[in-house]
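The values are calculated or read from the model by the stated rules, or taken from the named source; none is laboratory data. Please read all numbers here as calculations on a predicted model, not as lab measurements. For neighbour counting, all protein chains shown are included, and Cβ atoms are generated from backbone atoms with ideal geometry for every residue, glycine included.
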Amino acid sequence: MTTDRWDARTAEIGRLVNFAENEEAAIQQLETGLAERRRVRAAKPALRAFTPSELREALDVRRERAQESVS
């Protein structure tokens, strides 16, 4: 085997090892994403429990606070 071919194989092995070592991080990212999706899905029906005027008031307060933090 030539040096160039060995270097290419070594680089490929290194790339694959690095990729395989990231499996746990990838699983954690998926679990975090799924948990976030569950929170989002739970928020939708929870928001439906409020009246339109309550929602409007809360959004106004939120907007005001956001503007104050920018200033």
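For the range 17-40, which residues satisfy the criterion of being β-branched (Val, Ile, Thr) and within 13 Å of the chain's Cα centre (by Cα)?
Ile27, Thr32, Val40
Given the options Ala35, Ala20, Ala43, Ala58, name the one that is at pLDDT below 95 and either of a type in the set (Gly, Ala, Ser) or in contact with an Asp or Glu (Cβ under 8 Å, 6 or more places away or on another chain) (or both).
Within the list Ala35, Ala20, Ala43, Ala58, the selection yields Ala20.
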